[in-house]
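Here's the structure, in structure tokens; my notes come after.
The values are calculated or read from the model by the stated rules, or taken from the named source; none is laboratory data. Treat the numbers as computed from the prediction; the structure is a model and nothing was measured. Note: ideal-geometry Cβ built from the backbone for every residue, glycine included; neighbour counts use all protein chains shown.
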Amino acid sequence: MSITVTVLDDYQGCCAFLDAAHELDGSDVRLDVEHRHLDDEALAARLADSDAIILIRERTALTRELLTQLPKLKLVVQTGRLSSAIDIDACKALGIAVRDGGGSPIAPAELSWLLIMAGCRRLGGYLSRQAEGEWQRTNERLEAESLGHAVHGRILGIWGLGKIGALVAGYAQAFGMEVVAHGRESSAGRAFELGIEFEPDRHAFLARCDVVTLHLKLNGETRGMITPTDLAAMRADALLVNTSRAELIRPGALLDALDAGRPGAAALDVFENEPEGASAYQSHPRVLATPHIGFVEKDTYELYFSAAFRQVREFFAG
């Protein structure tokens, strides 16, 4: 009798065609792939026959309410590290095993740098207006036009100097930027190791930087920690980049801050309640938005799914 393993939210239909899929060769696993993002009501019916679920990061939350409707479920595998998307206590109570894997900082660090460069040069606006037939314009209204700028000689603020932040710091230094770090004690220690200046005062840090990029883990302490007052401390010509988690910022605070003019612009890869929650940002004239693709590239997917498929095979092998 085959084991049904369902992969959720494979938007690009790629997981079954990865080299990692060979981890399942010779097993009794039937791979079942869902490409759409489903709500809880549809999920309960869709997963009724699933023995295992593989989550692609936090695209779908497994709540207690949903898990109690899945009596066949024996295993949940999180690609990458465990997150709040899984109700761990509910899984324990229901006898559902949970596994996670590792990751690499390279792809999200590279996307962060891409957004820094693109945001500073107003690339989103130029591409949007060019698609409408306008040449060398970033805005439909001439009075709203603004020139982009080079990054060389400017100040990059890195809030959270972990593995990703450290890579971004190296890219910035290679392009001639001055780098300043902010965060907790661990960031201060890493800054000392790397020879990077550390600014402990939050508002002094935010007021000083041309670009601020967020590289913080989301947990109970960091959720909503960036307030309207913090955003107002940024300069009117500053760029805020977020490839970490949208929930680091108080709900609604960033859109209000952009409308108020501080910071001047944002480049974002993460949003609340994805994918629907991205729409308000994608239509904002001061936002460059990408659809949460920080980890969405072949090397990372191979890493994620080789671990996930191996864990499935080993679990059901006993």
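From the list E247, E302, E314, the lone residue that is charged (D, E, K, R), touching a Gly at 6+ places or on another chain (Cβ under 9 Å) and not in a loop (DSSP other than H, G, I, E, B) is E247. Per the conditions (1) assigned by TED's automatic domain parsing to the domain that holds L216; (2) in contact with an Asp or Glu (Cβ under 8 Å, 6 or more places away or on another chain); (3) part of a helix (DSSP H, G or I), the sole criterion not satisfied by A257 is (2). Taking region 249-299 as the range and being aliphatic (A, V, I, L, M) and under 20 Å from G103 (Cβ atoms) as the test, the residues that pass are V270, I293, V296. Taken residue by residue, region 157-169 has no member that is surrounded by fewer than 15 Cβ atoms within 10 Å (Cβ to Cβ) and of a type in the set (F, W, Y). Applying the set (1) farther than 30 Å from F205 by Cα; (2) not assigned by TED's automatic domain parsing to the domain that holds V212 to R141 leaves exactly one unmet item: (2).
Screening region 273-315 for residues that are of a type in the set (K, R) and buried (at least 18 other Cβ atoms within 10 Å of the Cβ) and picking the one that is farthest from the chain's Cα centre (by Cα) gives R313.
Taking the condition on the phi > 0 side of the Ramachandran plot, at pLDDT 95 or above and outside the structural domain of L66 (by TED's automatic domain parsing), does G160 pass? So G160 passes the test.
Taken over region 1-14, the criterion of being buried (at least 19 other Cβ atoms within 10 Å of the Cβ) and at pLDDT below 95 is satisfied by no residue. Being surrounded by fewer than 21 Cβ atoms within 10 Å (Cβ to Cβ) and over 23 Å from H215 (Cα atoms) is a property that holds for G318. Are any residues in region 1-29 in a helix (DSSP H, G or I), touching a Lys or Arg at 6+ places or on another chain (Cβ under 8 Å) and of a type outside the set (D, E, K, R), and if so, which ones? Selection gives L24 alone. Set side by side, the residues E58, E110, E41 differ, and just one is part of a helix (DSSP H, G or I) and modelled with pLDDT under 95, which is E41.
All of L94, L114, L82, L123 fail the test of being closer than 30 Å to V211 by Cβ and surrounded by fewer than 18 Cβ atoms within 10 Å (Cβ to Cβ), apart from L123.
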